[in-house]
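Since the structure comes first, as structure tokens, the remarks are kept for the end.
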Amino acid sequence: MSPLHFQAEKPAIPVVTVGVHRSTVVATSSIFAGTPFSQTAIMDLKESPEQYRYSAHNLGVVLHALHPRPQVLVTGTAVGELVDEVERVWDEYVEGVLKVEGVEKAAYVPLSDFHSSDGPPPPGTVEYLMDKLQETFG
């Protein structure tokens with residue numbers, strides 16, 4: 001039996017997304033198609049069983065458990081009240097894991113900075129997100 005040969009591709013940049021409604025986050029995951037990014041995990045505040053929903057602790061578990069390591073964290077437009085808490089968890093992860101492992105580029109994009117609202121992201125949200133990712137990953 002001959003060995004399989006695969007064309008080496010540059011690995012996708014892993015993204016974790018946190019939103020109020022799981023269904024909204026799942027529906028918006030297609031925005032990464034055709035980009036160097038890949039949504040590798042999502043967390044929600046309302047639809048998953050309570051013990052698996054977003055919490056600072058659960059976010060930390062997800063960030064530390066995934067491989068390849070997430071380099072992007074996105075929070076939805078309706079998650080504005082959690083931005084400070086999420087950012088603390090993200091910053092601890094970046095300092096304690098990514099930088100230690102030599103990862104140079106990472107981004108946290110709170111979409112509530114663009115538009116704070118419940119429900120599907122408004123027009124312009126995808127462009128805002130991609131602009132922010134372009135700033136970091138050029």
Pairwise label distance in nanometres, residue 101 with residue 66, each label 7 Å out on the Cα-Cβ vector:
1.1
Using alpha carbons only, what's the Rg to Rh ratio of the stretch 47-134 with Rh from Kirkwood?
0.98
Once residue 29 and residue 88 are pulled to full extension, the length gained, defined as 0.36 nm per residue separation minus their Cα-Cα distance, is 18.8 nm
Cα atoms only: what Rg and Dmax, in Å, come out for the stretch 88-133?
13.6, 38
What percent does the relative contact order of the chain come to when contacts are Cα pairs within less than 8 Å and at least six residues apart?
24
Can you give me the C-alpha center-to-center distance between the stretch 60-79 and the stretch 13-57, rounded to a whole angstrom?
8
Order of 106-116, 45-55 by packing, highest average Cβ count within 10 Å first?
106-116, 45-55
Pseudo-spin-label distance residue 134 to residue 117, built 7 Å along Cα→Cβ, given in nm, is 2.3
How would you order 32-39, 18-25 from highest to lowest mean count of nearby Cβ atoms within 10 Å?
18-25, 32-39
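Only the coordinates and a few stated rules stand behind these numbers; no lab work does. Keep in mind that what you see is a predicted model, and the values were worked out from it rather than measured. Note that we place each Cβ from the backbone using ideal geometry, even for glycine, and neighbour counts take in every protein chain shown.
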